[in-house]
Amino acid sequence: MKFVVIGFGQCGGRIADEFAHLGKRAKSQRGIEIITGAFAVNTDTADLSGLYHIKSDYHHRILIGGRKTGGHGVGKINERGAEIARDDGDKILEAVRTVPRFFESDAFLLISSSGGGTGSGAIPIVTQRLKERYVDKPIYNLIILPFEHEETTEERTIYNTAVCLKSVDSVADAIFLVDNQRFVKKDSSLKNNLDLINALIAEPFYNLLCAGEEKKRKHIGAKTLDAGDILQTLTGWSVIGYGKSPLSLIRFPLEQKRNFRKKSTETYKGIHAMDEAVSQLSLKCNPMDAGRALYLLSAPAREMNMDLIKDLGDYLRDITSADTIIRSGDYPRERGILDVTVILSELKDVEKIRRYYEKSTELIHDMKRRQGAIEDKLKGIEEASKDIPSLL
Ligand SMILES: Nc1nc2c(ncn2[C@@H]2O[C@H](COP(=O)(O)OP(=O)(O)OP(=O)(O)O)[C@@H](O)[C@H]2O)c(=O)[nH]1
Ligand SMILES: [Mg+2]
């Protein structure tokens, strides 16, 4: 599957840069193309210059609102991010048109944080513009939710997140949700290592995008998971997870005979990877709420068999609801590891989103109350000065 990737704001730009990196990796290591174009859009010049893999010309690192912000961002004001994207949206659409073999691309992936101003304001606007222009191409969003500490110290974070989620929900074909806080819980040393978090966010997409693009027979599985399966699975709120089990690289001749013990070890390793993928989904959710799901098993060809794929399917069937539509595939590629990628999509309920909406509604009432109190006080001063002459 081939994506055109566009990142908005600092967070979105950096993660789009990771996808550009994945694209280069797929080309150099596997000779296939998975990212047809990668762009970063920002109101901040410095953020654009800090990227590594996205081409450095102004068609790929696109500065918007330069005149309004002086190239220094919008300071978390998402309304300004949205307004600038409305004014400068043409720049982005023009750039997309330059993507070589654009019409071979299967979908757009637009990426942003929800808590900042530029990305969270711009992503719904540009999603809508692209949707109107390219009616037949799905537009997916990847939205990064804030760390917990940001929610408590900066109330704009919650407000921006709620507004961004509500807005993208009405325009994007599917929205991958990624919770920054999940990475800190896994490993507290990650807190200050955004580069590593970004690599972990992008990694699950690697095999997923590569599997359907393979041309060499030996890398085509018994059941290929191609763009069609992914397009059919992705809709609405979605999460992605990735897990792996190491395999011993040294193999003894006797082991090559498939025996019962070997099979159960394979199954164990497969289930272990699947279990890790599900427990490390990009956002905590209840798999029972997923209307659609898919899993991809990647491993050396000799480590895979139909039983293992079926066992993994049974595992996913057990934790999802009876009417969840599950798609699957195998990808004989990896060396030394067996890994599993899982997507849960069409989630009917996501507790965290609901909480953002509730907290933000309270906040809006609070903000109105505070604004009212300020206006009352200002009126008091004005009243007291009414008999004083002014020099203006
Ligand atoms: N995972 C990840 N999160 C990031 C990164 N950079 C910023 N964030 C998160 O993104 C949110 C802030 O949004 P930014 O992307 O910095 O904001 P912006 O879109 O550039 O908007 P303004 O700077 O307000 O104009 C916070 O929740 C950060 O924790 C990153 O590289 N990776
Ligand atoms: Mg910024």
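Things worth noting here:
- Complete set of residues in segment 113-131 that are closer than 12 Å to Ile143 by Cβ, open to solvent by 10 Å² or more (accessible area, probe 1.4 Å) and more than 16 Å from ligand 2 (Cβ to nearest atom): Pro124
- For beta carbons closer than 8 Å, sequence separation of 6+ or different chains, a first residue in segment 43-60 that is small (Gly, Ala, Ser) and a second that is at pLDDT below 95, the qualifying pairs are Ala46/Gly71.
- As for segment 288-299, it holds no residue that is in contact with a helix residue (DSSP H, G or I) (Cβ under 7 Å, 6 or more places away or on another chain), assigned to a helix (DSSP H, G or I) and crowded, with 17+ Cβ neighbours inside 10 Å.
Residues are listed down the side, and each one gets a yes or a no for (1) near ligand 1 (Cβ under 10 Å from one of its atoms); (2) closer than 22 Å to Glu346 by Cβ:
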| site | (1), (2) |
| --- | --- |
| Arg86 | no, no |
| Ala122 | yes, no |
| Leu145 | yes, yes |
| Lys166 | no, yes |
| Ser170 | no, yes |
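- Some residue of segment 16-32 being among the polar types (S, T, N, Q), closer than 26 Å to Lys216 by Cα and away from ligand 2 (no atom under 16 Å from the Cβ): yes
Yes/no matrix, rows are residues, columns are (1) within 16 Å of ligand 1 (Cβ to nearest atom); (2) out of contact with any helix residue (DSSP H, G or I) (no Cβ under 8 Å at 6 or more places or on another chain):
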| site | (1), (2) |
| --- | --- |
| Val4 | no, no |
| His21 | yes, no |
| Gln29 | no, yes |
| Glu33 | no, no |
| Asn42 | yes, no |
| His59 | no, no |
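- Residues that are farther than 21 Å from Asn141 by Cβ, open to solvent by 30 Å² or more (accessible area, probe 1.4 Å) and not polar (S, T, N, Q), drawn from segment 15-49: Lys24, Arg25, Lys27, Gly31, Glu33, Ala46
- Neighbours by Cβ (under 7 Å, 6+ apart or cross-chain): first from segment 127-149, within 22 Å of Tyr356 (Cα to Cα); second of a type in the set (Asp, Glu): Tyr140/Asp173; Leu145/Asp179
- Each residue in segment 78-109 was checked for being under 24 Å from Tyr159 (Cβ atoms) and either more than 16 Å from ligand 2 (Cβ to nearest atom) or out of contact with any helix residue (DSSP H, G or I) (no Cβ under 8 Å at 6 or more places or on another chain) (or both), and 4 of them qualify.
- Residues in segment 52-84 that are aliphatic (A, V, I, L, M) and touching a His at 6+ places or on another chain (Cβ under 9 Å): 1 in all.
- When residues of segment 172-182 are limited to those that are touching a Phe, Trp or Tyr at 6+ places or on another chain (Cβ under 9 Å) and in a helix (DSSP H, G or I), the one nearest to ligand 1 (Cβ to nearest atom): Asn180
The values are calculated or read from the model by the stated rules, or taken from the named source; none is laboratory data. Predicted model, so just to flag it, every value in this text is computed and none were measured. Glycine also receives a Cβ, built like all others from the backbone with ideal geometry; neighbour counts cover every protein chain displayed. Quick note on the areas: whole protein, heavy atoms, side chains included, nothing else; ligands and nucleic acids left out. Shrake-Rupley method; radii C 1.70, N 1.55, O 1.52, S 1.80 Å.
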